[in-house]
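Here's the structure we're looking at; comments come further down.
The values are calculated or read from the model by the stated rules, or taken from the named source; none is laboratory data. For clarity, every value in this text was computed on a predicted model and none was experimentally measured. Cβ sites come from the backbone with ideal geometry, for glycine too, and all protein chains shown count toward neighbours.
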Amino acid sequence: MAEHIIPMSYSYSKFLLYSSFAIGISSAIAYYMNDLYVTVYLFFLFLTSINYWRKADYGLRRNIDLLAVFMCSYYTILNMFLLKNECHRVCLFFIFFCMNIFFLVENILYYFNKPQWIIFHMAMHMYVSFGACIIIFD
């Protein structure tokens, strides 16, 4: 098996860095809508994501980013059951379902050293942003 893609050069990781800014935009929307909890967790996720993808490498920055992702996933699952609007709850469920499929496909592509995994990870950044907006506007 060939060497894995991470650490990766900035020519690849820049796409993931730029897509992370969508999470920052969602954080700004949450701040504007006075949703303190969503603002804080999205901003934390945004900071850890851009910090990691500016120079993708194994280490402490990656572990902190993964911790932020797991914490935010837990918070999102909790919110999925607390949403008042049934349509928002179903939308958030399908976003979460799609993100799990993207994660699976991303890991398969990564295992076979295919750079297309980046596209699926960028899609996950976008889905996090959309999912957060569903929580904000409920």
Seminar exercise, completed: Considering residues that are of a type in the set (S, T, N, Q) and over 16 Å from ILE134 (Cβ atoms), the number found within the range 20-48 is 3
For this session: State all residues of the range 78-101 that are outside any helix (DSSP H, G or I) and either modelled with pLDDT of 90 or more or surrounded by 11 or more Cβ atoms within 10 Å (Cβ to Cβ) (or both); if no residue qualifies, say none.
Result: LEU83, ASN85
Problem set entry | Candidates TYR58, TYR52, TYR75, TYR10 - the one that is surrounded by 14 or more Cβ atoms within 10 Å (Cβ to Cβ), at pLDDT below 90 and of a type in the set (Phe, Trp, Tyr) | TYR75
Problem set entry | Some residue of the range 9-22 being under 19 Å from ALA123 (Cβ atoms) and outside any helix (DSSP H, G or I) | no
Exercise. Restricting the search to the range 102-118, which residues are without any contact (Cβ under 8 Å) to a residue 12 or more places away in the chain and surrounded by 17 or more Cβ atoms within 10 Å (Cβ to Cβ)?
Worked result: LEU109
